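Here is the structure we will look at.
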Amino acid sequence: MAACARTAPLLLLLAFSFAFAGSVTERKAEEFHVGVVLDLGTTVAKVARTSMSLAVEDFNAVHPSYTTRLVLHVRDSMGDDVQAASAVLDLLENHKVQTIVGPQKSSQATFVSALGNKCQIPIISFTATSPTLSSRTLPYFVRATLNDSAQVNSIVSMIKAYGWREVVPIYVDNDYGRGIIPSLVDALQQIDVHVPYQSEIDQSSTSEEITQELYKLMTMQTRVYVVHMSPSLGSVLFTKAKEIGMMSEGTVWIITDGLTNLIDSLNPSVVEAMNGALGVKVYVPISTELDSFTKRWYMRSRIDHPNDPTMKLNIFGLWAYDSIWAIAQAAEMSKVRKAMFQRPSSEKNLTNLETLQTSINGPALRKAMLQNKFRGLSGYFDLSDGQLQVSTFRIINVAGKGYREIGFWTARNGISKALEQKRSHPTYESTKPDLNIVIWPGEVTELPRGWELAVRGKKLQVGVVKGHYPEYIDADEDPITGVTTARGLAIDVFEEAVKRLPYALAYEYKLFNITGIASSSYDEFVYQVYLKKYDIAVGDIAIRYNRSLYVDFTLPYTESGVAMVVPVREKEKVKRLISRIVLVVWLFFILVLKSSYTASLTSMLTVQQLQPTAHDVHELLKNGEYIGCGSGSFVMGLLEELGFPRSMIKPYHNPEDIHNALSRGSKNGGIAALVGEIPYIKLFLTKNCKRYTMIGPIYKTAGFGYFGQSNFKISFLLDCLRMQNVLKCSTYANTKSLPQAFPKGSPLVGDISQAILNITGGDTIIQIEQKWVRDKNSCQNEGSIIGSGSLTFASFEGPIILTGVVSTSSLLVALIMYFYRNKKIKPHHSDSEQISSHGENER
């Protein structure tokens, strides 16, 4: 009843306007001819044709005093680009139309818009959505619909909110389908989402060909699909996907507005096949005018299409209605009274296209069309930028024979449950998107992770190496069976992480032979993952800036940094008897002083009991000492950048060689210090605890990890790998420590990293380290030594100065008091002597 009450004034106004229009016979309105080119056999065209007829009637009824009256000339393009162009030429030559509505397809609109530019005839299309059509290059093309790129941000926001890392677009291979892909891929890359594959489906593909493409997608690990195609092709796609089991639990389907805007017109069986899919749909504000029009539209549709099933009004029908109003208002505002065209200066030897006349009214009509803004049935209708501006989408979830609204997306607030909801700041506790519950494919509410193992039965190929430190990584390949076995701390951490995954992960080790002593050998090992020889690489590989460009690393599982190992020398021993006697005397003498500083001296002398032979790497450089590093380590390049000549750097393969070199010293053919990564240094110190100590860290890194392949092409890195000194090509501003590594964008990275974080945060990592690297606390010299531990004069500088000042001051005060006292006593003594003398004289 309330709705009827609201629509009553509008109906009375229309009735009054019709009556008034019939009585106005004094002034004859000029006819304004409009060409309409659509694929009349499609649902979109049928809905739009009825809407445009009502639009002409409503506009004339509301504006009876206007001096222009629109006359529509409808032509059928029959879905053919050439036929669409032919229809436009016929309308221009034979009916002198001053604007064209249509054509329906983006491929048709390309050529037709070129004709519009030549003739200065505005081409207004409410269905051509391809981003390749632009008013910048085609100024007389006006898009009364959305550019497909407008919905990209809403789709990408959903993908980001749910945390998916890989997406496969499935689109029709034509101008409409290809148009959205560049902007979609760019937007996904900005949020670090990888597009491993793009599925192109020809618009003439058979159901069998579509099925084969779907089977191909099933062999890949990605399970998040964005579908952008026409309703007819999309219906076949989802029907086949349902048949082969791709609409089951674990998959994610996102459909663009090309399908969702017409979902009400799809066969119910197709909608059921799409159950669980998400989609974006243009938001249309509710109004009494829209309610009234919808009722009249259904009545007129039954008259216009009596032999067709009952159709539903959609957004294209509303845009068609508003487009006619925009044209009619522009015709009146530009004062167009009569069609006026200018012929070419010479018509000799010209083709039909070259003989087309140029509209004189076209520029003024186009300007008025772009300046006109009004509140239409579809919402705020603004064509000022050459295309419709829409900033709000509905997010829907296909369910049953229809869909559920789960939220909205706006350019201002992003994703939200309610349209007017204020954007809330994300918190660490709340990581779920602000949307209503989604029923995913398979009728589950648990969020799909968006990927699966690529092929059933195929094992993950894990690359390993035979490292220089077997405690961290060691591997052997059976010469008969070819089976690789691996062991070490890195292997134990990896296998423990796999056990903690919420799903089974089958894998097998593959040995990569590292040859030579250059650090490029490890770069080559990393590069094998980029080349997809391995799915993952496990070992003692440092995370470095240049490697992170083409592989992804997990969280590190070891302590980070680069430090220095140097020999230690003991506080000298007293050997001679006389020295010992003197020492006993002095010890007795300072016993009282020692008691006063027991706490301070104890802390100073017990922290460091061994004195390093060097305290800083720059000290070694200044003295011209030889320095060592691990064979194949990036530390060699680091030392070169610190200023060490290559001739002063000696690489070593194993701890025994390092021990021998440190024992000999720099002047005897050995080295003065070893610079290496902290995990290796701690392992070395567990075996050589009493003779060496660690200085540093002198350089900060982030640990060891596992890595994997990247799908980005890094051409400069390939050039660096071909050079003899690979490290010259990389910067050391962001090298890291020991993680695990995966292909760039691999969905396993997050799961393995989470498992590693779980391992390193508990007792498991301690047990693994004790197994391979012994107890960390077993060596007292293993801690970092930043400065000198010697007890020198400077150690007692403060107390000595204070004691000297107090002693000197006390001495001065005592002397002053002594002289002052003597000065007062001396005069008194003289007087006494005089009296005594006088007395004696008297006697």
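Couple of notes before you dig in:
- Matching residues in the range 149-162 - criterion: being of a type outside the set (S, T, N, Q) and either under 18 Å from K417 (Cα atoms) or in contact (Cβ under 8 Å) with a residue 40 or more places away in the chain (or both): A150, I155, V156, M158, I159, K160, A161, Y162
- Y692 meets each of the listed conditions (1) of a type outside the set (S, T, N, Q); (2) under 13 Å from G630 (Cβ atoms); (3) buried (at least 24 other Cβ atoms within 10 Å of the Cβ) apart from (2).
- Residue within the range 232-241 that is open to solvent by 30 Å² or more (accessible area, probe 1.4 Å), touching a strand residue (DSSP E or B) at 6+ places or on another chain (Cβ under 8 Å) and not aliphatic (A, V, I, L, M) present: no
- Residues that are crowded, with 18+ Cβ neighbours inside 10 Å and more than 17 Å from the chain's Cα centre (by Cα), drawn from the range 180-198: I180, I181
- Considering L72, L54, L89, L38, the condition of being touching a helix residue (DSSP H, G or I) at 6+ places or on another chain (Cβ under 8 Å), among the hydrophobic types (A, V, I, L, M, F, W, C) and at pLDDT below 95 is satisfied by L89 alone.
- Output for the range 122-166, where each listed residue is touching a helix residue (DSSP H, G or I) at 6+ places or on another chain (Cβ under 6 Å), part of a loop (DSSP other than H, G, I, E, B) and over 17 Å from V390 (Cβ atoms): P122, T132, L138, Y140
- Count - residues of the range 395-415 that are in contact (Cβ under 8 Å) with a residue 12 or more places away in the chain, surrounded by fewer than 20 Cβ atoms within 10 Å (Cβ to Cβ) and under 24 Å from the mean Cα position of the chain (by Cα): 4
- When the range 165-178 is filtered for residues that are open to solvent by 10 Å² or more (accessible area, probe 1.4 Å) and not acidic (D, E), the ones remaining, listed by number, are R165, N174, Y176, R178.
- Any chance Y522 is buried (at least 17 other Cβ atoms within 10 Å of the Cβ) and modelled with pLDDT of 85 or more: no
- Whenever a residue of the range 212-240 is more than 24 Å from T127 (Cβ to Cβ), its partners that are among the polar types (S, T, N, Q) and assigned to a helix (DSSP H, G or I), lying with C-beta atoms within less than 7 angstrom and at least six residues away or across chains, give the pairs K240/S207; K240/T211.
- Any strands (runs of 3 or more DSSP E) falling wholly within the range 438-488 and containing at least 3 residues that are in contact (Cβ under 8 Å) with a residue 24 or more places away in the chain and surrounded by 22 or more Cβ atoms within 10 Å (Cβ to Cβ): 460-465
- A count restricted to the range 640-666 and to residues that are more than 13 Å from L621 (Cβ to Cβ) and part of a strand (DSSP E or B) stands at 3.
- Count - residues of the range 67-109 that are in contact (Cβ under 8 Å) with a residue 60 or more places away in the chain, part of a strand (DSSP E or B) and not hydrophobic (A, V, I, L, M, F, W, C): 2
- Among the candidates T68, T99, T129, the residue that is β-branched (V, I, T), touching a Lys or Arg at 6+ places or on another chain (Cβ under 8 Å) and open to solvent by less than 10 Å² (accessible area, probe 1.4 Å) is uniquely T68.
- Looking only at the range 187-207, and only at residues there that are without any contact (Cβ under 8 Å) to a residue 24 or more places away in the chain and not in a helix (DSSP H, G or I), the one that is farthest from S106 (Cα to Cα): T206
- Here the condition is being farther than 26 Å from T392 by Cβ and in contact (Cβ under 8 Å) with a residue 24 or more places away in the chain; of P306, P268, it holds for P268 alone.
- Within the range 648-699, the set of residues being of a type in the set (S, T, Y) and within 16 Å of H615 (Cβ to Cβ) comprises S666, Y692, T693, Y699.
- Restricting L138, L146, L184 to residues that are in contact (Cβ under 8 Å) with a residue 40 or more places away in the chain, out of contact with any Lys or Arg (no Cβ under 6 Å at 6 or more places or on another chain) and within 30 Å of I324 (Cβ to Cβ) narrows the list to L146.
- Considering the range 294-340, and only residues there that are among the basic types (K, R) and assigned to a helix (DSSP H, G or I), the residue that is most open to solvent (accessible area, probe 1.4 Å) turns out to be R302.
The values are calculated or read from the model by the stated rules, or taken from the named source; none is laboratory data. From a predicted model like this one, the values you see are computed outputs, not experimental measurements. Cβ atoms come from the backbone with ideal geometry, glycine included; neighbour counts cover every protein chain shown. Note: accessible area is taken over every heavy atom of the protein model, side chains too, but ligands, DNA and RNA are not part of it. Shrake-Rupley method; radii C 1.70, N 1.55, O 1.52, S 1.80 Å.
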